[in-house]
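Let me begin by presenting the structure, written as structure tokens, before commenting on it.
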Amino acid sequence: MSATTISRLSIAACLACCVASGVAQAQNVLGFDDMSCAAWAGSKDDPDQRAAYVVWVRGFLSGHNYALPKQQVSTISSGTIENHINRYCASNPSGRFSDGAMRLSDQFSGRNQPIRK
């Protein structure tokens, strides 16, 4: 996956989060066709796909920071993101890794309360 594609995915994820955060209705999280934890787990042996997923999470966190400037997620490593999503998906195998990204934003923004859908 090229750097341009990854950059475009990051921007799309950031914009999706920004748009979704301003709406009181159910969140429409834009991302990959398959955002399941099974897809995340399946990307373990595909470094390009895993990197794209991690970049998407980074974009999501950037969108969180844009939408909530008083509850910033500070600098976070790709390894920390990957470990957190791995743990989330191990606990929620039928879940979506985008929900794991939401929990990550809760934890690292100091808010520690779930995002309300």
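For the range 45-76, what are the residues that are over 16 Å from Asp106 (Cα atoms) and not in a helix (DSSP H, G or I)? Talk me through it step by step, then tell me what you get.
Here is the first cut: in the range 45-76, the residues over 16 Å from Asp106 (Cα atoms) are 45-56.
If the condition is that a residue be over 16 Å from Asp106 (Cα atoms) and not in a helix (DSSP H, G or I), then Asp46 is the only one that fits.
Mind checking which pairs have a first residue in the range 70-89 that is more than 19 Å from Met35 (Cα to Cα) and a second that is assigned to a loop (DSSP other than H, G, I, E, B), Cβ under 8 Å, 6 or more apart or different chains?
Close Cβ pairs (under 8 Å, with a partner that is assigned to a loop (DSSP other than H, G, I, E, B)) amount to Gln71/Ser109; Gln71/Gly110; Gln71/Arg111; Gln72/Ser109; Val73/Ser109.
Looking only at the range 85-101, count every residue that is in a helix (DSSP H, G or I) and buried (at least 19 other Cβ atoms within 10 Å of the Cβ) and tell me the total.
Number satisfying all stated conditions: 8.
Okay, residues lined up against (1) in a loop (DSSP other than H, G, I, E, B); (2) at pLDDT below 90:
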position	(1), (2)
Thr5	no, yes
Ala13	no, yes
Gln27	yes, yes
Gly31	yes, yes
Ser43	no, no
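Give me the pairs: first residue in the range 90-117 and under 16 Å from Ser62 (Cβ atoms), second residue at pLDDT 75 or above and surrounded by fewer than 12 Cβ atoms within 10 Å (Cβ to Cβ), beta-carbon distance under 8 Å, and six or more apart or on different chains, which are they?
Note: pairs meeting the criteria are Phe108/Ser74.
Assess whether Ser98 counts as being out of contact with any Leu (no Cβ under 8 Å at 6 or more places or on another chain) and more than 22 Å from Asp33 (Cβ to Cβ).
no
The values are calculated or read from the model by the stated rules, or taken from the named source; none is laboratory data. Model, not experiment: these values are computed from the prediction. For neighbour counting, all protein chains shown are included, and Cβ atoms are generated from backbone atoms with ideal geometry for every residue, glycine included.
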